[in-house]
Every structure is written in C-alpha cells, then in structure tokens.
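K.L.:
Sharing a structure here in structure tokens format.
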Amino acid sequence: MRLDATRATAEPAAASEPSAQPDRAEHGRLLGIGAAAAQAGVSERALRYYQQLGLITPCSCTPGGMRRYSEDDLARVARIRQLQVLLGLNLDEIAVVLRNEDRMAQIKRTYLHEHTSDAERRELVRESLRLQHDLRATVEAKRIAIEGFLADLDARIARSSDLLDQMTAPAR
C-alpha cells in the first residue's frame, strides 16, 4: 500500500489535454508524465528520478507502461520540492523524511481504528514520538550547519570591512 506524506492537492489538468485521462479507480483524473511534470513544476526526468529513488510511485500505468500521476502524486512532488527548497535537504534526507511521514500517517490510521487496543495505541504514540524526534534531529542538523555557515560569512564580512577601513583611513 502506498502512503502519502501530505494532504495538499494539485489542480487536475483540463479534460481536453491529451495526457489527462479519467481514472477508472478512486484516483480521479490522472496525468501523463509530461502534464504531471509541467503541473508540478519539475522536469519529466526529475519525476523519473524521484520514482527510481523510491520517493514517488505513480498511482498507475497504462497497459503500454506509460506512467499516470494522481493529485496525491503531485502533492508528494510538491512536498519533495518544499523539503529541498525550504530546508535544503538532499534527496537521501528527503527519503528519510518521507518514510517517517508515511509511517506517522499509517500510525494515525491504525490509532484511530476501532479495533486498536489501548496498549497498541500507547505503542503507536511511542513510535510516533520517536519518528518526530528523528525528524526534528534532521532539521536541527540543517539549522546548525546554516548557523555555522552564517558565522563564517559574518567573520569574512568583518575582515573585509576592517580591510576596507584600513585602506580608506587617512595616512599618518
């Protein structure tokens, strides 16, 4: 079963678009790779690479092997891009984040299931807490790296400013 990390939605392509086909299942309108890439703001090559790395899985394929992407697939691509741009995570780090988010979504569904016992719920909450701590550690490591970069940059700015002050100071 494929789990999605986000609840964001992407707008479906227009029905007149050749690569948009109505799905016969529960996914709504599906897009071919070209339309999906254009809508997600990435290249077709990026979509293929994300799939190769296991970051996304197209919800279906045609009998001829053509990939078809749903709104949930596009939301997942948007989450990948958000993690790249906002946090500066690389694709390996993103894979870990997505796995943790997928597992937390699965934990939530299991927790809410009426047949889940109180003991099982406690274990699910413990696991969720561990996953959240892992995600926080990933973000904290990025924050520390950024702070180190800023400190180095501030030191270089100070040295350059001091040099300029010495160069522009009146001679004695």
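No lab work stands behind these numbers, since they all come straight from the coordinates. All of these numbers come straight from a predicted model, not from anything done at the bench. We place every Cβ from the backbone using ideal geometry, glycine too, and count neighbours over all the protein chains shown.
K.L.:
Go through THR62, ALA155, ILE80 and say which Cα lies farthest out towards the positive end of the charge dipole of the stretch 56-172; charges sit on Cβ, +1 for Lys and Arg, -1 for Asp and Glu.
P.N.:
Of THR62, ALA155, ILE80, it is THR62.
K.L.:
Still on this structure, please answer the following. Report, in debye and to the nearest 20, how large the dipole of the stretch 35-161 comes out about its Cα centre when Lys and Arg carry +1 and Asp and Glu carry -1 on their Cβ.
P.N.:
Result for the stretch 35-161 is approximately 240 debye, rounded to the nearest 20.
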